[in-house]
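Taken together, the values in this text are just the output of simple stated rules run on the coordinates, not laboratory data. All values derive from a computational prediction rather than experimental measurement. Cβ sites come from the backbone with ideal geometry, for glycine too, and all protein chains shown count toward neighbours.
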Amino acid sequence: MRNYDLEFLKRFSMVIGFLVALTLALIVLAIYLHGKLPPEVSPAAAARTEARIAPVGAVYAGDTGAAAAAAAAAAAQAAAASQVAYGGTTDGSVIYQNLCGACHGNGVGGAPTLSQSAWASRIGQGKDTLYKHAIEGFTGSAGVMPPKGGNPALSEEQIHATVDWMLDNLK
């Protein structure tokens, strides 16, 4: 080998050695910095921990306890009322306009429209059968009625009021 080839190899080896050393230094620095970062807490794990350590109940004593118990009862009643569809209204026209009219207004899916002829055979079965089909759902030869009109938040009282309103408003 010639002298200038040896000089090139020497310098090239030094550059490669420097780059290897720099790479190793960067890897060590990255490992060090990664160890300093706090680990991320999974939101699901945090929720499980909160559920595990949440108090089961509370003690209410004296006047402040009675007030707190009354507030808790009112909050529970409000939460239960918010779970009922349409604010718990038993106005059949409101429920019909918001839910039932989508199918019964146009006969979608074989739903009977508000006409005497469409309801004659159904009325002959009795109101209890109509209530049952509205609550539990029904699949007949003419079409399908989903349970509670497709809104499981409806109460039986609301279903009865809506069926009664529909029967009262047949044309």
Legend entry - Most positive-pole-ward Cα, H133, G150, L114, against dipole of the chain from beta carbon charges: G150
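Work out how much length E156 to A30 would gain on full extension: take 0.36 nm times their residue separation and subtract the Cα-Cα distance, in nm to one decimal. Could you put the intermediate results ahead of the total?
Details: separation 126, 0.36 × 126 = 45.36 nm, distance 6.34 nm.
So the extension gain works out to 39.0 nm.
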Inset, instruction - Would you list which lysines come within 17 Å of K148, measuring only between C-alpha atoms, while excluding same-chain residues fewer than 8 positions from it? - result: K127, K132
Legend entry - Geometric extent, Cα atoms of the chain - Rg, Dmax (angstrom): 36.1, 113
Legend entry - Mean separation of Cα contacts under 8 Å, 6 or more apart, over the residue count of the range 88-168: relative contact order %: 39 percent
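What ranking, highest mean first, results for peptides 146-152, 111-117, 5-11 when packing means the other Cβ atoms within 10 Å averaged over each residue?
Values: 146-152: 16.0, 111-117: 14.4, 5-11: 10.3.
Descending packing order for the listed peptides: 146-152, 111-117, 5-11.
Work out the length of the dipole vector of the range 88-168 about its Cα centre, built from +1 on the beta-carbon of each Lys and Arg and -1 on the beta-carbon of each Asp and Glu, and round it to the nearest 20 debye.
Numbers: 4 positive and 7 negative charges, 51 e Å.
The calculated dipole for the range 88-168 is roughly 240 debye.
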Inset, instruction - For the range 95-111, take each phi angle, set θ = phi - 60°, evaluate the Karplus expression 6.51 cos²θ - 1.76 cosθ + 1.60, and give the result in whole Hz per residue in order, putting x for glycine and proline. - result: 5, 4, 5, 7, 10, 5, x, 4, 9, 6, x, 10, x, 5, x, x, 5
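Could you compute how fast the range 88-168 diffuses translationally, taking Rh as the Kirkwood radius over C-alpha pairs and applying Stokes-Einstein at 37 °C with viscosity 0.692 mPa s? Give it in µm² per second. Display every interim value, and only then the final one.
On the way: Rh = 12.5 Å.
Result for D is 263 µm²/s.
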Legend entry - Amide H contacts under 5 Å for M145, placed H, 5+ residues apart: F138, T139, G140
Legend entry - Label-point separation, L22 to K132 (7 Å along Cα→Cβ), nm: 8.4 nm
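Might you report the magnitude of the Cβ-based charge dipole of the chain about its Cα centre, with Lys and Arg at +1 and Asp and Glu at -1, to the nearest 20 debye?
Details: 11 positive and 12 negative charges, 165 e Å.
For this selection, approximately 800 debye.
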Inset, instruction - Using only Cα atoms, tell me the angle between helix 62-82 and the longest principal axis of the chain; keep it within 0 to 90° and round to the nearest 10. - result: 80 degrees
Inset, instruction - State, as an integer percentage, the relative contact order of the chain based on alpha-carbon contacts under 8 Å between residues 6 or more apart. - result: 20 percent
Inset, instruction - Give me the angle, in degrees from 0 to 90, between the Cα long axis of helix 127-136 and the longest principal axis of the Cα atoms of the chain, rounded to the nearest 10. - result: 0 degrees
